[in-house]
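> A single structure is presented below for examination.
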Amino acid sequence: MTAFAQWIDSDYTPGDPDKVRNAPDKVDWMRCIPFIILHAGCFGVLWVGFSPVAAWTAVALYVVRMFAVTGIYHRYFSHKTYSTSRLGQFLLALWGATAVQRGALWWAYHHRHHHQHSDEPEDAHSPHVHGFWWSHIGWITSRRNFPTDYSKIKDLSKYPELVWLNRFDTAVPLVFAIALWVLGALLEKYAPGLGTNGWQMLVWGFFVSTTALFHGTSCINSMAHLMGKRRFKTNDDSRNSFILAIICLGEGWHNNHHRYQSSTRNGFYWWEIDLTYYGLKFLSWTGLIWGLKPVPQSVLEEAEREEHLASIAAAQRAVHAHPEFSSLKKVVPAAAAIAVATATAAQTTLPKRTERPPLHKNVPQQAGQTDTTSPRVM
């Protein structure tokens, strides 16, 4: 009965919540039912069929709601990398709730806890501690990870409207699913040429898109500490991955983020694609958000030093792996010395040019002529 009650009221916890949070990890099979329903709903495509408008709706909603997770739940509620008004904050929380990844406060609490204990036994979803599948999906089914510890997010829990959205975190997804069905029904009636209907829009726009969104987001938990490169020597095994950055709109630059969490952008350089940052920059032009926090110059300089040291280490490894490079280290300087000696000797044998009288100009002519070949000093 507890699991059923929590589907309506997420803050319902019989007994002491701290005792629940300190319990050992264990799969709660009742908590698996929503995930089973979500994945099973994807098979509905066998009955509702396919249409371009339904498929593109699924893709668009994946991108829009992935941005809600990365740009809102993560970069605002978890790290406060930019500012907004109280109304803006509520609207952002509503937007984030459509991603069907529980409430903003629960999400922020767990993510802040992750940074405090990254890749340590207390980290709820570290693949190094708990394994790949537990970090990907198993940790969400554990009863100990269900309650929200409001004492760890006091900056957010002081807003009752946010607490309400977090407590009744199934309300927005339910309304969102119904709205998709209504949209499909209206399109079937008023735009039959699109070839879609209510059930098709529900299956593609909600079940398929949300399932893909869930696994895309979970890849950061399960894979961003396993695949990619490490630019910074952080205390965890966070990594930068271009592939994950594309899947999750910039979240794949995970090692950058773990080095400096307060920056609005995770891709520290222009060539590190960060679609979430581009979207937040656009929102800042509308006035909905402001105060986007940059990457400090000291962190960028640290990155340059680390990459320089990494290049040296790679070259040294290459020499050890290929001994023939050691011979080249001796041959190349010798060849260069021979070339310099040859050029010097050649210069000594060249005949001297005949001295010519210098050319003179009148002083007024020199003063009135402008030198167009020399750069002007500003």
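The values are calculated or read from the model by the stated rules, or taken from the named source; none is laboratory data. From a predicted model like this one, the values you see are computed outputs, not experimental measurements. Neighbour counts are summed over all protein chains in view; Cβ atoms, including those assigned to glycine, are modelled from backbone coordinates with ideal geometry.
> Taking the stretch 279-318 on its own, how many of its residues are at pLDDT below 85 and either touching a Ser or Thr at 6+ places or on another chain (Cβ under 9 Å) or assigned by TED's automatic domain parsing to the domain that holds residue 79 (or both)?
Number of matching residues: 0.
> Could you check residue 102 against (1) surrounded by fewer than 24 Cβ atoms within 10 Å (Cβ to Cβ); (2) assigned to a helix (DSSP H, G or I); (3) not aromatic (Phe, Trp, Tyr) and say which number it fails?
Of the numbered conditions (1) surrounded by fewer than 24 Cβ atoms within 10 Å (Cβ to Cβ); (2) assigned to a helix (DSSP H, G or I); (3) not aromatic (Phe, Trp, Tyr), the odd one out for residue 102 is (2).
> Tell me whether the stretch 246-263 contains one or more residues that are buried (at least 24 other Cβ atoms within 10 Å of the Cβ), among the small types (Gly, Ala, Ser) and out of contact with any helix residue (DSSP H, G or I) (no Cβ under 6 Å at 6 or more places or on another chain).
Scanning the stretch 246-263 turns up no residue that is buried (at least 24 other Cβ atoms within 10 Å of the Cβ), among the small types (Gly, Ala, Ser) and out of contact with any helix residue (DSSP H, G or I) (no Cβ under 6 Å at 6 or more places or on another chain).
> Kindly indicate the residue of the stretch 266-286 that is farther than 17 Å from residue 302 by Cα and under 10 Å from the mean Cα position of the chain (by Cα) and also surrounded by the most Cβ atoms within 10 Å (Cβ to Cβ) among those meeting that condition.
276
> Within the stretch 105-134, can you find the residues that are part of a helix (DSSP H, G or I), within 22 Å of residue 10 (Cβ to Cβ) and not charged (D, E, K, R)? Steps first, answer last, please.
We begin by selecting, within the stretch 105-134, every residue part of a helix (DSSP H, G or I); these are 105-116, 127-130, 132-134.
Filter once more, so that each one left must be within 22 Å of residue 10 (Cβ to Cβ): 105-114, 134.
Correct list: 105, 106, 107, 108, 109, 110, 111, 113, 114, 134.
> If you don't mind, there's one more thing I want to ask. Need pairs with beta-carbon distance below 6 Å; first residue in a loop (DSSP other than H, G, I, E, B) and within the stretch 268-290, second buried (at least 16 other Cβ atoms within 10 Å of the Cβ) and among the hydroxyl-bearing types (Ser, Thr, Tyr); sequence gap 6+ or separate chains.
none
> Could you name every one of the helices (runs of 4 or more DSSP H) located completely within the stretch 140-205 that has at least 1 residues being acidic (Asp, Glu)? Break it down stepwise before answering.
Working: elements: 154-157, 160-167, 171-190, 198-202.
Where helices (runs of 4 or more DSSP H) fall fully within the stretch 140-205 and carry at least 1 residues being acidic (Asp, Glu), they are 154-157, 160-167, 171-190.
> For the stretch 228-240, which positions are surrounded by 15 or more Cβ atoms within 10 Å (Cβ to Cβ) and either under 16 Å from residue 128 (Cβ atoms) or touching a residue at least 60 places away in the same chain (Cβ under 8 Å) (or both)?
First, the residues of the stretch 228-240 that are surrounded by 15 or more Cβ atoms within 10 Å (Cβ to Cβ): 228, 230-232, 234, 236-240.
If the condition is that a residue be surrounded by 15 or more Cβ atoms within 10 Å (Cβ to Cβ) and either under 16 Å from residue 128 (Cβ atoms) or touching a residue at least 60 places away in the same chain (Cβ under 8 Å) (or both), then 228, 230, 231, 232, 234, 236, 237, 238, 239 are the ones that fit.
> Tell me, please, whether a residue that is in a helix (DSSP H, G or I) and farther than 15 Å from residue 70 by Cα can be found in the stretch 243-252. Can you show your working first?
So in the stretch 243-252, the residues in a helix (DSSP H, G or I) come out as 243-247.
Filter again for farther than 15 Å from residue 70 by Cα, leaving 243.
So far as the stretch 243-252 goes, yes, one or more of its residues are in a helix (DSSP H, G or I) and farther than 15 Å from residue 70 by Cα.
> Cβ-Cβ under 7 Å, sequence separation 6+ or interchain: first residue in the stretch 163-174 and within 22 Å of residue 153 (Cα to Cα) and in the same structural domain as residue 152 (by TED's automatic domain parsing), partner surrounded by 18 or more Cβ atoms within 10 Å (Cβ to Cβ) and basic (Lys, Arg). Which pairs?
169/102
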